Amino acid sequence: MSTPATSTLRLTQTAEGDDRYRVDITLENDRGPRQTATTCFSFAIGAAERERLRWYLEDYLQYPDDPAPKLAGEVEEWMAGVGRTLFGHAFESSRDAERIWARIYDRLPDIRVEIVATVREAAAIPWELLRDPQTDAPLALRPGRSCAPSPTRRGPRRCPRHPRRSAFCW
């Protein structure tokens with residue numbers, strides 16, 4: 001009996017200036033050669049949006065009474081829009097990135113996704129909101145997936161290829 005193919009999609013985020021990032025995309029698998037793509041883009045979330053996201057993830061669950069459901073719906077729409085924007089930056093920005101997406105699209109449940117960034121950069125881009133615009137489905141936050149630092153008691157694990165960076169996976 002053969003074992004299922006294992007593939008890892010790694011997004012390595014590097015800050016290149018104020019709100020400007022380079023993301024190196026790597027697909028490593030046993031179904032073919034390693035594929036890479038690089039994309040550069042500007043991205044920022046303002047203080048008000050960060051507070052709304054914090055409210056949604058922390059306070060809304062504890063205080064779901066009116067008018068919270070209406071506000072939560074607005075935050076969910078905003079999160080979906082951010083996820084589609086990030087998808088465009090990552091996978092619709094170059095032919096190489098589009099090719100990587102085409103290779104993994106039908107196998108998403110079997111793909112391990114790793115985000116590699118310095119601790120300082122990690123909060124700048126909310127990769128856990130990444131969303132496929134064709135299906136409008138989130139890539140990380142779906143049944144059977146988790147999106148968190150790798151499970152250690154002292155925080156995120158160090159990425160073996162980039163020792164000054166941390167990784168989280170889903």
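Bear in mind that the values in this text are calculations on the coordinates, not laboratory data. Keep in mind that what you see is a predicted model, and the values were worked out from it rather than measured. Glycine gets a Cβ as well: all are built from the backbone with ideal geometry, and neighbour counts include every protein chain shown.
Tabulated results
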| quantity | calculated |
| --- | --- |
| Karplus 3J(HN,Hα) series, Hz, for the range 71-78 with 6.51 cos²θ - 1.76 cosθ + 1.60 (x for Gly, Pro) | 5, 4, x, 5, 5, 4, 4, 4 |
| For Thr85, Thr39, order by how many other beta-carbon atoms lie within 10 Å, fewest first | Thr85, Thr39 |
| Long-range HN-HN contacts of Arg131 with modeled amide H, under 5 Å | Arg84, Phe87, Leu139 |
| Pairwise FRET efficiency - Leu108 versus Ile45, Cβ, R0 = 25 Å, nearest 0.05 | 0.50 |
| Stokes-Einstein diffusion coefficient of the range 42-130, Kirkwood radius over Cα pairs, 4 °C, 1.567 mPa s, in µm²/s | 86 µm²/s |
